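Here's the structure we're looking at; comments come further down.
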Amino acid sequence: QTRDILTRLDVIFIDLWLHPVRFMDDIMFAVGSNNDYMNGALSEGEIDLQSMQLYADRLKIQSYKGWERKEPILVDNSALFIGQTLNDKSVLKDGRFHSVLDFKEEVRHLAEQHGHLYYSRHPFLKSGDEAELDFIQSLPNTSITSLSTYKMICHPRISCVAGLSSSVLTEAKLMEKDVRQLMPGPFDLKSFGNLSGYATR
């Protein structure tokens with residue numbers, strides 16, 4: 001809403017977000033503007049997709065060759081649904097926060113299409129999502145997992161990663177997973193093919 005208001009007032013701004021790819025050695029940001037000249041300047045020297053892909057490959061190798069030798073038992077051709085906090089601004093639409101309960105049919109279909117559906121609750125969420133968990137547990141072929149999200153998205157038996165608008169969905173694309181995003185994110189990324197998207201810095 002803030003970006004729309006500033007644009008209508010002809011106020012030029014630079015918008016700065018924490019980048020959704022968070023397994024790099026350093027923190028990255030996604031930056032954009034409502035001004036074409038500023039967007040061009042912000043894109044100069046941006047971190048490219050190939051660099052992010054190299055770090056994704058390293059993360060996959062670490063998950064296979066790490067110190068933890070116990071292999072998680074996962075069903076072949078499974079899907080992973082990424083939960084989010086209840087008041088994440090990226091799930092705010094039409095004046096209210098959305099949750100998995102707004103996409104029941106899509107989640108049911110996801111479970112039907114795959115060998116199993118694992119639901120990963122957001123690690124910071126300790127209460128308030130009881131209705132969401134009840135819904136997930138009511139579905140056949142579905143369970144709640146406490147395994148590390150990175151371990152899950154790296155695992156070869158996870159073929160699909162789904163969610164509302166979680167940053168993990170962007171990271172899963174670098175793991176070459178089928179990604180199902182149910183809500184539009186707050187911005188698109190130039191490095192992922194949208195020429196008018198935000199730059200990666």
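Applying the criteria of a DSSP loop state and at most 16 other Cβ atoms within 10 Å to the GluC sites (Glu not before Pro) of segment 31-103 yields Glu44, Glu68.
Taking the chain as the reference, fit the longest principal axis to its C-alpha atoms, fit the long axis of helix 104-113 to the helix C-alpha atoms, and give the angle between the two in degrees, 0 to 90, nearest 10. It is inclined by approximately 60 degrees. At 10 °C and 1.306 mPa s, what whole-number value in µm²/s does Stokes-Einstein give for the translational diffusion of the chain, with Rh from the Kirkwood sum over Cα pairs? The diffusion coefficient I find is 87 µm²/s. Considering only the chain, what is the antiparallel percent among its DSSP beta bridges, to the nearest 5? So the antiparallel bridges amount to about 35 percent of the total. The trypsin sites (Lys or Arg not before Pro) found in segment 84-134 that occupy coil by DSSP, while having at most 10 further C-beta atoms within 10 Å, are Lys126. Does anyone have the angle between helix 49-65 and the longest principal axis of the chain? Alpha-carbon axes, 0 to 90°, nearest 10? So the inclination is approximately 20 degrees. Its Kirkwood hydrodynamic radius, worked out from the mean inverse distance over all distinct Cα pairs, puts segment 36-116 at 17.4 Å.
If you run the Gaussian network model on the chain, springs between alpha carbon atoms under 10 Å, then out of Phe124, Phe97, Phe23 the most flexible one is Phe124. So what is the relative contact order of segment 24-118, in percent, for Cα pairs below 8 Å that sit 6 or more residues apart? Contact order relative to length: 26 percent. Ser165 sits among other residues whose Cβ lies under 14 Å from its own Cβ, and their net charge, with Lys and Arg +1 and Asp and Glu -1, is -1. Calculate I(q)/I(0) for segment 106-169 by the Debye formula, one identical point scatterer on each C-alpha and no solvent, and give its log10 at q = 0.13, 0.15 Å⁻¹ to two decimals. Log-scaled intensity ratios, in q order: -0.35, -0.47. Relative contact order of the chain: 26 percent, from C-alpha pairs under 8 Å at least 6 residues apart in sequence.
Every number here is computed from the coordinates shown, using simple stated rules; none is lab data. From a predicted model like this one, the values you see are computed outputs, not experimental measurements. Cβ atoms come from the backbone with ideal geometry, glycine included; neighbour counts cover every protein chain shown.
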